[in-house]
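Below you'll find the structure, written out as structure tokens, and then a few comments.
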Amino acid sequence: MPTTATYTEPVLRRIDVTAPLVADGSAAGSDQIKIATEHVSIKYGEKVAVKDVTLTVQARSILALIGPSGSGKSTFLRCFNRMNDLIPGAKVQGQVCLDGENVTDQDVSVVELRRRVGMVFQRPNPFPMSIYENVAYGPRRRGMNGRRQLDELVETSLKRAALWDEVKDDLRRKSGLALSGGQQQRLCIARVLATEPEVILMDEPASALDPVSTLRIEELMRELREAYTIVIVTHNMQQAARVSDVTAFFTMADDRAGYLVEVGPTGRIFTRPTERLTEDYISGRFG
Amino acid sequence: MAQLTNTYRATGLRAAPSLRQRIDLPRRVVFGAAASMIFIVVLLLAFITWQGLQLFIKDGVSIGQILSPTWQPDSTSPNLSFGLLPFIAGTVYVTALALLISTPVSVGLALFLSEVAPGWARAIVQPALEIFVGIPSVVWGWLGITILVPFLSHTFHGGMVLSLPIAGDVFRVPGFLTGFSWLAGSLVLSIMIVPTITSVSYDAFRAVPQELRTGSLALGTTRWQTIRHLLIPSALTGVLTAIVLGMTRAAGEALAVQMVIGNSPSMPAAITQPVTTLTSQITLDMGNTVFGEPWQDALWTMSLVLLVISISSVVLVRVINKRRMGA
């Protein structure tokens, strides 16, 4: 495979950056590796969308993927729960390991994978049913039918998503669609939490929300970090700086393929980036 | 430029409209077209209602008699009776059975087209459905007479009895006599309404946002679970609308049904027996009657009943869709 200097070089350095992070464990709550990708490339037909990304995500930490539009952040995110399978012509090469198990293998159960790796989308997408049914949707499909069990799960999920107090009075009467945008997004988070995932992927979860709702979502992410591993794609650099433990910067190469420039503890990426490209981006010189 | 602006200002916002602007021909044409349309519909409704009520007003037939099963409209017959029940029941039964057969097939086809079919399959099935709609009903009736009716009479002339050990015979159907029957009518209708139900429910399924499907799949559900628990409930009002539209089409169909149904003006006894419907009886009898005689007035009353059926289904569709808006 022909490679350009602009992207091979940073990948090598990236390993240098990650290594001490795993060792001192200061940035993350734990030093256990939850997700590891090895030389992941994603193609849509002939077009290479993501090129050769290798990185690791610590358990119970927040990794933020930042970078300009078209740098393949969202595409890369979707390979963690194989949502790329739904896109005709999309092809993932390389390894994506969840707890050391390669999830890109054909014999991996996608259904099981997506229960362990939940996803919150850019635009809130509550189902056209009651708040209760929205949250109970995942567990019910898994065969949970006990009324009391479901009630309990719905309540804890909504509490964790910081929505319970606002909706507890008309859980069954009010449609999920009748909530405000920020509430809808928290409902979607509750819906994911109800399936009891280990990892939560968030694809620009606050980009369609107003600033107050955005802050609530960010607070929520900080709280969820205690129990879950979170990977978030964001366009908003302040957001990445505020919520994440580790930041990975992606950009687009000359051939329009997205690649990873560098990854490191968020504090360092935003103060002393190793790469010129990262510095240009975070200081607003491009992107 | 400045001058132009000034000229414009001079005529100003309050300039008197020219003759042409005042007449505004296109607006009048469109308005006239709409008004005449409404006028025609109102006139039609009024006329059918008036004619339909003549049986009660002029001929003094009671509502009770209308609801009796005896149909002896010929003025020479010794006991004249205008019982419309066999026709109303026939229409309801034939339509219901047609819907029962057609709905699963059509909704399944719509689901296949919207959720499963690859692009090329959709490109074949959709035009095929459009051609389907375009086939004249006489052709369907003709196919029914030449293929379906002989098939039924040759294949199933023995009766069918369903016996259970203790309960005895719980279900008994006599065999076909000629093949002209309730079942034949329903089968022909069920094929004819497939395109209606399919295309309307297809639209309902397509109207469910893609984000909801991805949202459901991302929660670790299978495609079937997503269809069963998200897509069908979300599109339910649209599918119900499709079924009501299919029902209206089936209840209003005259020719094809009349050709295969046997037209026996008695209460429907079994799906293997000849029955009759409102529409087929009207087309059969209208040539034999004289304007103004009670027999013809009874036919008008049948038209009125049909009209009431179709108006109530329009209302039903409205109610269903209002519910959807409210949800």
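The numbers here are math on the coordinates, done by the rules we state, and not lab data. Being a predicted model, the structure only gives us computed values, none of them experimental. Cβ placement follows ideal geometry from the backbone for every residue including glycine, while neighbour counts extend to all protein chains displayed.
Sorted ascending by nearby beta carbons within 10 Å, beginning with the fewest, A:Val192, B:Val139, B:Val61 become B:Val139, B:Val61, A:Val192. Taking every Cα-Cα distance in the protein assembly as shown and sorting them into 20 Å bins from zero, the calculated P(r) comes out as 16, 33, 26, 20, 5, 0 percent. Please work out the FRET efficiency for the pair B:Lys322 and A:Lys174, using the Cβ-Cβ distance as r and a Förster radius of 22 Å; give the result to the nearest 0.05. Taking R0 as 22 Å, the efficiency between B:Lys322 and A:Lys174 is 0.70. Peptide B:132-143: average number of partner chain Cβ atoms within 10 Å per residue? Neighbouring Cβ atoms belonging to other protein chains average 0 per residue here. As a proxy for reagent exposure, B:Trp140, B:Trp50 were ordered by neighbouring Cβ count within 10 angstrom, fewest first; the result is B:Trp50, B:Trp140.
The Kirkwood radius of the stretch B:63-326, taken over pairs of alpha-carbon atoms, gives through the Stokes-Einstein law at 10 °C and 1.306 mPa s a diffusion coefficient of 77 µm² s⁻¹. Taking a straight line from the alpha carbon of A:Lys168, these lysines sit under 30 Å away, with near neighbours fewer than eight places off in the same chain left out: A:Lys159, B:Lys322. With 0.36 nm allotted per residue and the present C-alpha distance subtracted, the A:Asp85-A:Ala227 stretch has 48.3 nm of extension available.
When each of A:Ser61, A:Ser244 is scored by the number of other beta-carbon atoms lying within 10 Å, the sequence from fewest to most is A:Ser61, A:Ser244.
Entry note: the stretch A:128-258 has Rg to Rh equal to 1.03, where both radii use alpha-carbon atoms and Rh is the Kirkwood radius. Rg over Rh for chain A works out to 0.98, both radii taken from alpha-carbon positions and Rh defined as the Kirkwood radius. Shown here for the stretch B:274-304: chymotrypsin sites (Phe, Trp or Tyr not before Pro) in loop regions (DSSP other than H, G, I, E, B) with at most 16 other Cβ atoms within 10 Å, namely B:Phe291. Note that the stretch B:175-262 shows a convex hull volume over its alpha carbon atoms of 99 Å³ per residue. Of the three principal axes defined by the Cα atoms of the stretch B:71-123, the extents in descending order read 65, 18, 10 Å.
Our helix-only sum for chain B, with -39,500 (n - 2.57) per DSSP H run of n ≥ 4 divided by its residues, gives a mean residue ellipticity at 222 nm of -20500 deg cm²/dmol.
Taking the Cα centroid of the stretch A:48-67 and of the stretch B:248-322, what is the distance between the two, rounded to the nearest whole Å? Result: 68 Å between the Cα centres. Remark: spin-label model distance B:Ala33-B:Val139 equals 2.9 nm, labels positioned 7 Å along the Cα→Cβ axis.
Using the Cβ-Cβ distance between A:Val108 and B:Ile147 with R0 = 51 Å, the FRET efficiency computed as 1/(1 + (r/R0)^6) comes to roughly 0.50.
Modelled this way, with points 7 Å down the Cα-to-C-beta line, the labels at A:His235 and B:Met286 are 6.3 nm from one another. In this entry, the stretch A:175-240 is assigned a mean projected area of 4.4 nm², taken as a quarter of its C-alpha convex hull surface. Within straight-line reach of A:Lys73, meaning a Cα separation under 17 Å, sit the following lysines at least 8 residues removed in sequence or on another chain: A:Lys43, A:Lys47, A:Lys51, A:Lys91. Here r is the Cβ-Cβ distance between B:Leu255 and A:Arg140 and R0 is 51 Å; the resulting FRET efficiency, rounded to 0.05, is 0.55. Mean per-residue shielding of peptide B:207-217 is 5, counting Cβ atoms of other chains within 10 Å of each Cβ.
Using Cα centres only, tell me the gap between the stretch B:76-128 and the stretch A:153-208 in whole Å. Cα centroid of the stretch B:76-128 versus Cα centroid of the stretch A:153-208: 42 Å apart. In the stretch A:195-287, the C-alpha radius of gyration followed by the widest Cα-Cα span (Dmax) gives 14.1, 42 angstrom. Tell me the trypsin sites (Lys or Arg not before Pro) within the stretch A:162-254 that lie in a loop according to DSSP and have at most 12 other beta-carbon atoms within 10 Å. Answer in residue order: A:Arg172, A:Arg173. Between B:Ala167 and A:Glu219, the modelled label-to-label distance comes to 6.2 nm, taking each label 7 Å out from Cα in the direction of the beta carbon. Per residue of A:141-150, other chain Cβ atoms within 10 Å of the residue Cβ number 1 on average. With a cut-off of 15 Å between beta carbons, the residues surrounding B:Ile57 carry a summed charge of -2, where Lys and Arg count +1 and Asp and Glu -1.
Normalised radius of gyration (Cα atoms, divided by 2.2 N^0.38 Å) for the stretch A:59-128: 1.19. If the chain linking B:Val116 and B:Lys58 were pulled fully straight, counting 0.36 nm for each residue of separation and taking away their Cα-Cα distance, it would gain 14.9 nm.
Using just its DSSP H runs of length 4 or more, each adding -39500 (n - 2.57), chain A gives a mean residue ellipticity at 222 nm of -11000 deg cm²/dmol after division by all residues.
Taking a point 7 Å out from the Cα of B:Val308 in the direction of its Cβ, the residues of the stretch B:79-95 whose backbone N falls within less than 15 Å of it are B:83-92.
If I build a Gaussian network model for chain B, linking alpha-carbon pairs within less than 10 angstrom, which residue out of B:Ile232, B:Ile191, B:Ile124 has the largest mean-square fluctuation? Largest GNM mean-square fluctuation: B:Ile124.
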